[in-house]
Amino acid sequence: MHGGIEHKTSLLFVCLGNICRSPMAEGAFRAVAEARGLSCIVDSAGTASYHVGQRPDPRAVTIASLNGIDISGQSARQIERDDFFRFTHIIALDRANLEALRSRAPRNGTARLAMLMDEVDGRRGEPVPDPYYGETEAFEAAWQMITLGVEAWAERLLRESVRFRA
Ligand code: 4NP
């Protein structure tokens, strides 16, 4: 997939551990895409390796489940070089992870780097705070932001796909 050919839209959501925010974003985006008829490859990864192979944090699984989405089958992995070629968009959940992606991106990587909230009106660049050391409320707040963010991304990609088909 190296090279300049426009390939199928594919999104990789990235946080630090890939056990809280990016698994929620992956699950929430997949649900929105399915509901809106948006055909898209979706995955998530972490910039850190501490939790590789682990299931999402039980608090993330619970908040997703309360919203009708099952993320319990996901397994944490770390971002790798190929991701910068395999995905059309790599979407960071906060600024520190965006900077980590920028510093690791191969010079000829083709993925566009962005932040989750960039597509939400008036909230470009806003980070989704790390809920890991917080209480249930921190996971609820993260879920709210993630829902807004993934809906806005789906809207944008739907607009673009209509344009490409026209
Ligand atoms: P995440 O949350 O980046 O949203 O998955 C975290 C998970 C683990 C750690 C920090 C944040 N940690 O320090 O282990």
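The values are calculated or read from the model by the stated rules, or taken from the named source; none is laboratory data. Quick caveat: nothing in here was measured; it's all calculated off a predicted structure. Methodologically, a virtual Cβ is constructed for each residue, glycine included, from the backbone with ideal geometry; neighbour enumeration extends over all protein chains shown. Heads up: the accessible areas ignore ligands, DNA and RNA and are worked out on the full protein's heavy atoms, side chains in. Shrake-Rupley method; radii C 1.70, N 1.55, O 1.52, S 1.80 Å.
For this structure, a couple of remarks:
- Residue count for the range 31-65, restricted to those that are open to solvent by 50 Å² or more (accessible area, probe 1.4 Å), away from the ligand (no atom under 14 Å from the Cβ) and in contact with a helix residue (DSSP H, G or I) (Cβ under 9 Å, 6 or more places away or on another chain): 6
- Restricting attention to the range 105-147, the residues that are more than 23 Å from Pro56 (Cα to Cα), surrounded by fewer than 17 Cβ atoms within 10 Å (Cβ to Cβ) and in contact (Cβ under 8 Å) with a residue 40 or more places away in the chain add up to 1.
- Selection count where residues are over 15 Å from Ser44 (Cβ atoms) and polar (S, T, N, Q), scope the range 61-87: 3
- Annotation: Trp153 fulfils all but one of (1) touching an Asp or Glu at 6+ places or on another chain (Cβ under 8 Å); (2) assigned to a loop (DSSP other than H, G, I, E, B); the unmet one is (2).
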